[in-house]
Amino acid sequence: MNLYGRLFLFSLKSLVQKGDFKPLVTINSNFRVWPHDMDINIHLTAARYFSFGDLGRMGWLRQNGLLASFFKQGYRAVLNAQELTYIREFKPFSRVNLEVELKCWDDKYGYFEQRFYCKGKLYAVGHARMAILHKAKVISYSTVFSRFGHAVQSPVETEAIRDWKETLSAKKNHFS
């Protein structure tokens, strides 16, 4: 399953839509569950949530006016980890509303919350940890923001982000 059509439409929209730098504002994206988005259970396949999340985070970059500059200046936004909790299933042809919000950041990663809704009801919620690279080196969000002329401090970590970071650390330590 691929997202070429959605990526193409996203790219076209990116050519005309310019955003204002508001990194803590929730970004909304809408999708429809088409037959190629479904699995054997005739609902949105698990992998598609993560793909929609990718497009949502790219939308965050676009909405904040960073996407074009990232490409021009050699920056890359790279996913490090993500988790998702499914609450309800999206049936065929459902409308998916994805909300992506940068919750906080540290010296290495930005922590995003991704909420999936249909008709105002929460269907899934997850988190994504994304690094920004420039010349093959991880750069903090604060540094990136300042390079683009913005001074923003990270909000305090939410309990959910703190717990998830502890889980990620425990996994890393277990396998090291």
Self-check item: Positive-pole candidate from Ser69, Thr143, Val100, dipole of segment 30-165, charges at beta carbon
Solution: Ser69
Quiz item: Taking 0.36 nm per residue of separation and subtracting the Cα-Cα distance, what length does fully extending Asn28 through Ala47 add?
Solution: 4.9 nm
Quiz item: Excluding Asp106 itself, what net charge comes from residues whose Cβ is under 12 Å from its Cβ, given Lys and Arg +1 and Asp and Glu -1?
Solution: +3
Quiz item: With springs only between Cα atoms under 10 Å, which of Ile132, Ile40, Ile161 fluctuates most in a Gaussian network model of the chain?
Solution: Ile40
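For segment 107-176, divide the Cα radius of gyration by the Kirkwood radius and give the resulting Rg/Rh value with two decimals. Before the final figure, lay out each step's value.
On the way: Rg = 15.2 Å, Rh = 14.4 Å.
Result: Rg/Rh = 1.05.
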Quiz item: Where the Cα atoms of the chain are projected onto their three principal axes, how long is each span, largest first, in whole Å?
Solution: 45, 45, 29
Exercise. Give the share of C-alpha pairs in each 10 angstrom bin for segment 93-136, from 0 to the last occupied bin, in whole percents, shortest bins first.
Key: 26, 39, 23, 11, 1
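List the relative contact order of segment 4-175 as a percent without decimals, with contacts defined as Cα pairs under 8 Å and 6+ residues apart. Show your work: numbers first, answer last.
Working: 276 pairs, mean separation 36.2, N = 172.
Reported relative contact order: 21 percent.
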Self-check item: Total formal charge among the other residues, if their Cβ is under 14 angstrom from that of Arg162, Lys/Arg +1 and Asp/Glu -1
Solution: -4
Quiz item: Given Gly19, Ala46, Ile87, which one lies farthest toward the positive end of the charge dipole of the chain, if we put +1 on the Cβ of every Lys and Arg and -1 on the Cβ of every Asp and Glu?
Solution: Gly19
Quiz prompt | Most mobile listed residue (Arg76, Arg115, Arg129) in the chain, GNM with C-alpha springs under 10 Å | solution = Arg76
Quiz item: How large is ³J(HN,Hα) for each residue in segment 120-136, as worked out from phi by the Karplus curve 6.51 cos²θ - 1.76 cosθ + 1.60 (θ = phi - 60°), to whole Hz, x for Gly and Pro?
Solution: x, 9, 6, 10, 7, 9, x, 10, 9, 10, 10, 9, 10, 10, 9, 6, 6
Quiz item: Order of 135-142, 65-72, 99-106 by packing, highest average Cβ count within 10 Å first?
Solution: 99-106, 65-72, 135-142
Exercise. Output the pairs from Lys72/Lys103; Lys22/Lys121; Lys18/Lys171 with a Cα-Cα distance over 31 Å in this structure; if there are none, say none.
Key: Lys18/Lys171
Exercise. Starting from the Cα-Cα distance between Phe21 and Glu99, subtract it from 0.36 nm times their residue separation and give me the gain in nm to one decimal.
Key: 26.4 nm
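So how do 83-92, 151-160 stack up, highest first, on mean other-Cβ count within 10 Å?
The most tightly packed comes first, giving 83-92, 151-160.
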Quiz item: Dipole magnitude of segment 1-156 about its Cα centre, charges +1 at Lys/Arg Cβ and -1 at Asp/Glu Cβ only, in debye to the nearest 20?
Solution: 360
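Can you give the FRET efficiency to the nearest 0.05 for Lys171 and Ala68, using r as the Cβ-Cβ distance and R₀ = 30 Å? Mind dumping the intermediate values first?
Working: r = 35 Å, r/R0 = 1.18.
Taking R0 as 30 Å, the efficiency between Lys171 and Ala68 is 0.25.
Between Val78 and Thr143, what length in nm is gained on full extension when 0.36 nm per residue of separation is reduced by their alpha carbon distance?
Computed gain between Val78 and Thr143 is 21.8 nm.
Read-outs throughout are calculated quantities, based only on the coordinates presented, and are distinct from any laboratory measurement. Because the structure is a prediction, the values reported are computed rather than measured. Virtual Cβ from ideal backbone geometry, glycine too; neighbours counted across all protein chains shown.
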